[in-house]
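Contents: one structure, followed by commentary.
FYI, it's all coordinate maths here, none of it is from the lab. Being a predicted model, the structure only gives us computed values, none of them experimental. Heads up, the Cβs are rebuilt from the backbone with ideal geometry, glycines too, and the neighbour counts pull from every protein chain shown.
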Amino acid sequence: MKIEYKITRKQQAFINAKEDEVLYGGAAGGGKSYGQIIDAFLKALKYPGIKQIIFRNSYPELNRSIILTAQAILPKELYAYSSVSHKMSFVNGSLLEFGYLSSDSDVSNYQSAEYDIIRFDELTHFTEYQYKYMRSRLRGANKFPKQIKSSTNPGGRGHAWVKEMFITPKAPGKSFERDGTSFLFIPAKVSENKFLMKNDPGYVKRLESLPFHEKKALLLGDWDIFDGQFFPELKNIPEHYEDRIGTHIIAPFIPPSEWTIYRSFDFGYARPFSVAWWAVDYDGRLYRIMELYGCARDSLGAVMANTGVKWTPEKIFARVSETEKSHPWLKGKDIFGVADPSIWDKSRGTSVADVAESFGVYFEKGDNNRLPGWMQLHYRLQFDEEGIPMMYIFSNCEGFIRTMPSLVFSKNNPEDLDTEGEDHIADEVRYMCMHRPIAPTVGAVAEVATFDPLSDDRKIGQYNFFMKKYK
Ligand SMILES: Nc1ncnc2c1ncn2[C@@H]1O[C@H](COP(=O)(O)OP(=O)(O)OP(=O)(O)O)[C@@H](O)[C@H]1O
Ligand SMILES: [Mg+2]
């Protein structure tokens, strides 16, 4: 039996790549998903008995795209497909599974699984946690290659970590190593997909007509211009320690004793909790001076993104109270608290707020009106004509600095951020900002996001409307 596939040069590079972790990423329609399927098929034929899985974000997506295409292009005599288990069993004993990971907890379905090659299609739709967890499922006592091969467009909730892992370290097409693992990023351009260009010449025209940022991302596969970032103000923020101009992150200093101190709080157990202390200067400017972010670390001390330390409220407030009694910046001060209104919930007996009070830690109910809250944050982050914002972050606040720039727009509600992201600090900052609302800075120079990268035109319309409403 002879099977012939014509492939593009980049698809060939993806198939040939020997690196441990490979990303084929860029323009929409570059042939990435098709490349995944052909590669999976070739590996299944070459290594009888090999086990592979292809992930998408949800089953509907998997069904619509990958599974249909796979069934359409792979010769039926070579496999049996079970639509119950979503597995293709090849005649030579190889297995190709189709899986989905929507939430982080979905990884538990793969707790005892083992694969030789794990594939993610639309990698930026996944979380870093899902990706790293699945790394641990890559094993097997055999000589088959062990690889993670992914494909994606820029944008989406995972944009920041994917860019950091594959794109920032090295020029495209150049393999690199980190901690003994080799990586490769293969950029995709739509113009390279001659099959699509021939069959649907109008496709590029349709991409051309997209709004500026989306066009750059989807047509050219640009990772820089477009990144779906919810707080674009925090993009590439330099740390100007001396002049504090054009930045939000500054070196810590002892807050003058006359400045008011606030404490903001968002509760979490399996997910991180967040406590921050703020000082307010005479102009009403907020300084995030300290934070206690309940994010777990692994045995090597590395942050486990979006994973809580599982402290009880008792443990949290004992620490808060101890900090406020002993820390030189806070000792002896009146501290005003504001917190997530849900901590007053008594449906499971004593509320979290009750526990806080028993430690002498008091809060007012935060205003949980999300959209005005986000606008308050945008106002705070704007720079005035001199480059001074209404909110500064001390450089010791690592949780803020790590999580805030990684937040992206929601796929479903273009006016909000994606709550699957690590948004606990953002929520806690939002309560703080809503407690001391300000007017937008006159003559502000920082850009506020004006589009939702993940939405269709209808949603972009809605978002523009929203921007007008709050401008
Ligand atoms: N080697 C090929 N031979 C024939 N058709 C191809 C080939 N590669 C891609 N195509 C076709 O080109 C179109 C786009 O390819 P594909 O869906 O793989 O792109 P993509 O990069 O995954 O796009 P998206 O970013 O939208 O997910 C599809 O219709 C696909 O079937
Ligand atoms: Mg695709």
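Quick notes on this structure:
- Under the criterion of Cα pairs below 8 Å and six or more residues apart, the relative contact order for the chain equals 15 percent.
- Once the Cα atoms are used to define both axes, helix 313-326 deviates from the longest principal axis of the chain by about 50 degrees.
- Helical content of the chain, expressed as a calculated mean residue ellipticity at 222 nm, amounts to -8000 deg cm²/dmol (DSSP H runs of 4 or more residues, -39,500 (n - 2.57) each, divided by residue number, nearest 500).
- When each of the peptides 358-366, 395-403 is scored by the mean number of other C-beta atoms lying within 10 Å of its residues, the order from highest to lowest reads 395-403, 358-366.
- nm² value of the averaged projected area, convex hull over the Cα atoms of the chain: 25.1 nm²
- Cα gyration tensor shape for the range 369-440, rounded if a/c is under 1.5, else prolate or oblate: oblate
- Overall, the anisotropy analysis places the range 271-430 in the rounded class: the square-rooted eigenvalues a ≥ b ≥ c of its C-alpha gyration tensor yield a/c less than 1.5.
- The order of ARG263, ARG288, going from fewest to most other C-beta atoms within 10 Å of their C-beta, is ARG263, ARG288.
- For GLY284, net neighbour charge (Lys/Arg +1, Asp/Glu -1) across residues whose Cβ lies under 12 Å away: +1
- Rounded to 10°, Cα long-axis angle of helix 424-435 versus longest principal axis of the chain: 40 degrees
- Members of LYS43/LYS174; LYS10/LYS149; LYS43/LYS146 lying beyond 21 Å, as alpha-carbon distances in this model show: LYS43/LYS174
- Residues TYR282, TYR203, TYR287, arranged from fewest to most other Cβ atoms within 10 angstrom of their Cβ, appear as TYR282, TYR203, TYR287.
- Annotation note: trypsin sites (Lys or Arg not before Pro) in the range 4-97 located in DSSP loop regions with a Cβ neighbour count of at most 13 within 10 Å are LYS6, LYS18.
- Under 11 Å, Cβ to Cβ, from PHE14 - net charge with Lys/Arg +1 and Asp/Glu -1: +3
- Farthest toward positive dipole pole in the range 93-151 [+1 Lys/Arg, -1 Asp/Glu at C-beta], among ILE117, PHE144, TYR100: PHE144
- Net charge of Cβ neighbours under 12 Å - reference GLY268; Lys, Arg +1; Asp, Glu -1: -4
- Neighbour-count ranking [beta-carbon atoms within 10 angstrom, fewest first] of MET432, MET304, MET1, MET375: MET1, MET304, MET375, MET432
- Net dipole in debye of the range 1-56 [+1 Lys, Arg Cβ; -1 Asp, Glu Cβ; about Cα centre; nearest 20]: 180 debye
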